[in-house]
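The block underneath contains the structure these notes are about, expressed in structure tokens.
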Amino acid sequence: MKIIEVKNYEEMSKRAADYVVEKVRSFPGITLGLATGGTPLGLYRHLIEDHRNNLTSYQNVTTFNLDEYAGCDETDPHSYRYFMNESLFNHIDINKANTFIPRGDGEDMEREAQEYEQLIASHGGIDLQILGIGSNGHIGFNEPGTSFQSQTHIVELTDSTREANARFFDRIEDVPLKAITMGIATIMRSKEILLLVSGPNKREAFSRLMHEEVNEQFPVSVLKNHPAVTVMIDQAAGCLDYTPGSGDLEYVPHD
Ligand code: PGA
């Protein structure tokens, strides 16, 4: 795991965008795994800016998003499909037919989950997965206790996740109780992972990532078992309590 410390959210977003653009330019047919939430918004803003200024093309790119709320169709402004269209897809030259997000409004969610898993496999898997981290250590909507063997599946959201996401809704009661998410095994099959960690409310989670053994009660810890993870973390989320030299971690401090 390579940990790159950056100054702040803006620098993290710009460096993450540079990282993604470089991949897309060197492999125009890349399959990207994408995330929603507040963290990747700056990254997407920079990708749009780069697309406008430098004409980086996404015509041959395929994307798979991590998750979607249950009961939200794509016209619902709270749906992750809506979020992705507004935050990225509408502003670059990607073919929407090549952008996949699990459907949260399907009649048979279990079947949808299985088909999503197969769809990822049929595209040869994900080359680069963008990830955020929940304050409870979730990745995607894989809450603490989720099996590391899990494939795309239906989950009940924890209170802490619903509280964290309530800022996108009028009332916490409106935050869906369930979601469909790539499983931890699905995420781990990505060839490469870029984890973005920003802000003081991620500080404790990052500290746990540094100090805890890999365990299912802290889902993000599984990334220590992945051979190609880059973490970009800003100073507010804190590298301060990290002691270089433990395990296979490579630490690149901010200069
Ligand atoms: P956030 O969410 O980017 O809105 O903080 C991250 C996550 O829950 O994975």
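The values are calculated or read from the model by the stated rules, or taken from the named source; none is laboratory data. Keep in mind it's a predicted model, so treat the numbers as computed, not measured. Note that we place each Cβ from the backbone using ideal geometry, even for glycine, and neighbour counts take in every protein chain shown.
Against the definition (among the polar types (S, T, N, Q), away from the ligand (no atom under 14 Å from the Cβ), crowded, with 16+ Cβ neighbours inside 10 Å and not in a helix (DSSP H, G or I)), how does S207 come out, yes or no?
Numbers: among the polar types (S, T, N, Q): yes; away from the ligand (no atom under 14 Å from the Cβ): yes; crowded, with 16+ Cβ neighbours inside 10 Å: yes; not in a helix (DSSP H, G or I): no.
For S207, the condition - among the polar types (S, T, N, Q), away from the ligand (no atom under 14 Å from the Cβ), crowded, with 16+ Cβ neighbours inside 10 Å and not in a helix (DSSP H, G or I) - is not met.
Scan the range 164-194 for residues that are under 15 Å from I133 (Cα atoms) and not hydrophobic (A, V, I, L, M, F, W, C) and jot them down. Give the steps one after another, and end with the answer.
First pass over the range 164-194, keeping only residues under 15 Å from I133 (Cα atoms): 164-165, 181-184, 187-188, 193-194.
Answer for the range 164-194, where residues must be under 15 Å from I133 (Cα atoms) and not hydrophobic (A, V, I, L, M, F, W, C): N165, T181, G183.
L196 versus (1) more than 23 Å from R111 (Cβ to Cβ); (2) part of a helix (DSSP H, G or I); (3) of a type outside the set (V, I, T): which is the lone unmet condition?
(2)
Here's the yes/no breakdown for (1) within 15 Å of the ligand (Cβ to nearest atom); (2) out of contact with any helix residue (DSSP H, G or I) (no Cβ under 8 Å at 6 or more places or on another chain); (3) part of a helix (DSSP H, G or I); (4) of a type in the set (K, R):
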{"residue": "A17", "(1), (2), (3), (4)": "no, no, yes, no"}
{"residue": "T36", "(1), (2), (3), (4)": "yes, no, no, no"}
{"residue": "D50", "(1), (2), (3), (4)": "no, no, yes, no"}
{"residue": "Y58", "(1), (2), (3), (4)": "no, no, no, no"}
{"residue": "E68", "(1), (2), (3), (4)": "yes, no, no, no"}
{"residue": "A97", "(1), (2), (3), (4)": "no, yes, yes, no"}
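So which of E117, E74, E110 ends up being in a loop (DSSP other than H, G, I, E, B) and either more than 16 Å from the ligand (Cβ to nearest atom) or buried (at least 16 other Cβ atoms within 10 Å of the Cβ) (or both)?
Exactly one of E117, E74, E110 is in a loop (DSSP other than H, G, I, E, B) and either more than 16 Å from the ligand (Cβ to nearest atom) or buried (at least 16 other Cβ atoms within 10 Å of the Cβ) (or both), namely E74.
Among the residues of the range 151-162, which ones are more than 15 Å from the ligand (Cβ to nearest atom), crowded, with 20+ Cβ neighbours inside 10 Å and not in a strand (DSSP E or B)?
T152
Pairs, please: C-beta under 6 Å, at least 6 apart or cross-chain, first residue more than 23 Å from L119 (Cα to Cα) and in the range 147-172, second among the acidic types (D, E) and within 13 Å of the ligand (Cβ to nearest atom)?
Correct list of pairs: T158/E143.
List pairs: first residue in the range 65-86 and within 19 Å of T31 (Cα to Cα), second residue among the acidic types (D, E) and buried (at least 21 other Cβ atoms within 10 Å of the Cβ) anywhere in the structure, Cβ distance under 6 angstrom, at least six positions apart or on different chains.
Y80/E68
Listed here are the residues, each with its yes/no results for (1) of a type outside the set (S, T, Y); (2) in a loop (DSSP other than H, G, I, E, B); (3) at pLDDT 95 or above.
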residue: S190; (1), (2), (3): no, yes, yes
residue: V231; (1), (2), (3): yes, no, yes
residue: A236; (1), (2), (3): yes, yes, no
residue: Y242; (1), (2), (3): no, yes, no
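Can you work out which of the residues in the range 23-41 that are of a type outside the set (A, V, I, L, M, F, W, C) and surrounded by 20 or more Cβ atoms within 10 Å (Cβ to Cβ) is farthest from G124 (Cα to Cα)? Working first, answer last.
As a first pass, look at the range 23-41 and keep what is of a type outside the set (A, V, I, L, M, F, W, C): 23, 25-26, 28-29, 31, 33, 36-40.
Those left that are additionally surrounded by 20 or more Cβ atoms within 10 Å (Cβ to Cβ): 31, 33, 36, 39-40.
On the way: T31: 8, G33: 12, T36: 22, T39: 27, P40: 24 Å.
Selected residue: T39.
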